[in-house]
1. Would you check if A:D374 is under 19 Å from A:Q288 (Cβ atoms) and part of a loop (DSSP other than H, G, I, E, B)?
2. Report the residue count in the stretch A:359-378 for those that are crowded, with 23+ Cβ neighbours inside 10 Å and facing chain B (nearest Cβ under 8 Å).
3. State which residue is farthest from B:S43 (Cα to Cα) when the search covers only the stretch B:71-84 and only residues that are within 20 Å of the chain's Cα centre (by Cα) and more than 6 Å from the ligand (Cβ to nearest atom).
4. When you scan the stretch A:178-197, how many residues do you find that are within 21 Å of A:H342 (Cα to Cα) and either touching a residue at least 60 places away in the same chain (Cβ under 8 Å) or charged (D, E, K, R) (or both)?
5. Quick one: is B:A140 surrounded by fewer than 20 Cβ atoms within 10 Å (Cβ to Cβ) and away from the ligand (no atom under 14 Å from the Cβ)?
6. Residues that are hydrophobic (A, V, I, L, M, F, W, C) and surrounded by fewer than 19 Cβ atoms within 10 Å (Cβ to Cβ): does the stretch A:220-239 have at least one?
7. Which of the residues spanning the stretch B:52-69 are within 13 Å of the ligand (Cβ to nearest atom) and either surrounded by fewer than 18 Cβ atoms within 10 Å (Cβ to Cβ) or closer than 15 Å to B:L115 by Cβ (or both)?
8. Hand me the list of helices (runs of 4 or more DSSP H) wholly inside the stretch A:19-115 holding 2 or more residues that are free of Cβ contacts under 8 Å to residues at least 12 places away in the same chain.
Amino acid sequence: MRGAQLAALLEQAPAGVPEALDLVSGFDDLLEHGLARIGQGRAGALAAIAGALEGTPLGSPAHEAVAKLSAGSVSREHLVTLAGARAALLGAAHDALLEHCDAALERTRGAWNQSPSAAVGTGPGEAVQAWLQELAVTGWRGLDQGHVDGADRLVEALLADPGGRRLAVLLDGLAAELRASVPIGPAACVPTRRWADLWSRAMLLARQATNGAGDTEPVTGRLLPLGVDVLEHGTAVQVLVYGVLETPTGTPRLVRTGVTAAKTDTISGPAVWRLLTAFPLLLTALAQQRSLELRDVALTADGRLLWDEARAALGEVADPFATARVLLPGVLAPAAAPLDRHPVALNEPVLVEGYKTAGGSWTVDGRNLRIEVDRLPATGPLTPALLKASTACIGVLRHDGSGWLLRPLAVQAKSKNSSTAYHGGDWALGPTDPKVVKAESKSGDPVAVLRERAGRLLRR
Amino acid sequence: MDSSDEAWRLDPLARVLPAVRPRKLAKVPFVELAEGRLQGVVSSGSDIERVYVSSITAGSHGLSCSTNNNRPCGGLNGGSLCKHLQSLAEEAVQQYGLDRVARYLKVEVPEGSSLAAALSGSRDPAPAAAVFSRFLRHLAYLEAPASTAAEPEMQWFRGAGAVV
Ligand SMILES: [Zn+2]
């Protein structure tokens, strides 16, 4: 990313985004205090959301839902409609931000060309919606342990069905945060945007019968990883690889692939890689900076390779910084899946070089770029000190509602006379830092301990 | 409310949970603050097949310890903690931090004192079977196969960062 590109990214903010987020805040405020306490002011905020959607297919259902809710009648259907209205506003903000980012980076993006699949189903989804409705009526500030404990039963039922897993992972993540936070005192601050996001996603996900990948196209070619992010809550961890796919014909494509494993809250840090031993090729490629040769791997319309070890082979060593310098400027980026459009989904891989580091903000050609130094995954070698000593960084640009920031995935750092690269996946086959190895051997292998316990106790 | 609170309120990736501190799991494989209790499972020191289900009730600080087959722990008499409950309390503090555990149990821990020393409850058997089945459910997460399907919601979960 050149200075001029960063300047274009940071200088003009796309119009309408703050206004859209303000409307969303009106709904989020309602969830904070509870639908039972809707009052005039909050009813007005809801009406404004419906007003903003006038002329769209959601306009008239949203008006009806707002009228009913404001009159004190709460139904699941109306809550789903409002969750959809909220998602539409955030989707519009996402699109504006992505378009702005693409223009600044001079990045070409494919168009979405799939027809919508409107699979609406029943099943555990209804019980989940009933629970979410209860939360909405009560409001975050009114919740007690009893409300939160209701999630356990739902998660258990969802986990029993492979199609329910995605929703189970989401509910487990939300419930753990609620459990640690309730009861919330009147003076305490509430993460209203975050919890409303999770609530709305769950409400919408619960109404889908299937979570299929949609149409996919088989691709054959070479995957050159750029970097890996590790996303994690108490009972799930996702390894998400960003890379460039080179095919025999056509422009190199920006893609991502990943695997998600279930875990316990006591398994974190470098130990999580041991949950993914079913994917030795992917882990080896990450640990050794190798490319991967793919044969007929399914690629979704939103640029996600459905990882399949049986269709992959390890390739040559491929330096991600070389990939970022040579291929990233000309890649074809994928369109976003309509239902996933949300500012949080913005994660645009970029290479940043020639900067001056200073804590959470780096200077590139006189512009300040915020750096996410405080949320680095504990699964890899990146630390604030390493970032401070870095001279080049591969990361993903993201937007936190108030502006752009860079989430680092890999850095080149100077030590004495040489430059060394550190990648988030360096420890995929086990930590390489002697200090971390020592700390791990001291606390023992949590995965081995719990697997032993599971083997002994679960199959009685 | 200052501006950093306001930014946190509006940050979709606001950090809510503190970082998990790594701890040895061999002795106490499972600890949780749930159902109104600090409860968990403690491995028997002598028999690898046996585990103890131990719990401390919030508020009353009622103490409970028995094997998973409901045999009462011989070490729990009157108001003093058996070695299982002591391990449970220590590991809970290691995992969640003293503040969160003390807040949940509604106990004042004087500066420089330990959680175990500050508890004043007496023996009050709680249902071991329910806690044990929660432990089995916890273990069952490790049996679920990894998935390659899209789970875009994970973008909201960035982990809590490393403990530095
Ligand atoms: Zn005992």
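The values are calculated or read from the model by the stated rules, or taken from the named source; none is laboratory data. From a predicted model like this one, the values you see are computed outputs, not experimental measurements. Virtual Cβ from ideal backbone geometry, glycine too; neighbours counted across all protein chains shown.
1. Numbers: under 19 Å from A:Q288 (Cβ atoms): no; part of a loop (DSSP other than H, G, I, E, B): yes.
No, not satisfied.
2. 3
3. The first filter runs over the stretch B:71-84 and keeps only residues within 20 Å of the chain's Cα centre (by Cα), leaving B:73, B:76, B:80-84.
Checking which are more than 6 Å from the ligand (Cβ to nearest atom) leaves us with B:80-81, B:83.
Numbers: B:S80: 20, B:L81: 16, B:K83: 11 Å.
Looking at residues that are within 20 Å of the chain's Cα centre (by Cα) and more than 6 Å from the ligand (Cβ to nearest atom), I get B:S80.
4. Taking the stretch A:178-197 as the starting set, the residues that turn out to be within 21 Å of A:H342 (Cα to Cα) are A:190-197.
Restricting the remaining residues to those that are either touching a residue at least 60 places away in the same chain (Cβ under 8 Å) or charged (D, E, K, R) (or both) gives A:190, A:192-197.
Qualifying residue count, the stretch A:178-197: 7.
5. On the way: surrounded by fewer than 20 Cβ atoms within 10 Å (Cβ to Cβ): yes; away from the ligand (no atom under 14 Å from the Cβ): yes.
Considered against the rule, which asks whether it is surrounded by fewer than 20 Cβ atoms within 10 Å (Cβ to Cβ) and away from the ligand (no atom under 14 Å from the Cβ), B:A140 comes out as yes.
6. To start, the set of residues in the stretch A:220-239 that are hydrophobic (A, V, I, L, M, F, W, C) comprises A:223-224, A:226, A:228, A:230-231, A:236-237, A:239.
Remaining after also requiring surrounded by fewer than 19 Cβ atoms within 10 Å (Cβ to Cβ): none.
Scanning the stretch A:220-239 turns up no residue that is hydrophobic (A, V, I, L, M, F, W, C) and surrounded by fewer than 19 Cβ atoms within 10 Å (Cβ to Cβ).
7. Let us first name the residues in the stretch B:52-69 that are within 13 Å of the ligand (Cβ to nearest atom), namely B:52-56, B:63-68.
Answer for the stretch B:52-69, where residues must be within 13 Å of the ligand (Cβ to nearest atom) and either surrounded by fewer than 18 Cβ atoms within 10 Å (Cβ to Cβ) or closer than 15 Å to B:L115 by Cβ (or both): B:S54, B:S55, B:I56, B:L63, B:T67.
8. On the way: elements: A:39-52, A:59-70, A:76-105.
Output list reads A:39-52, A:59-70.
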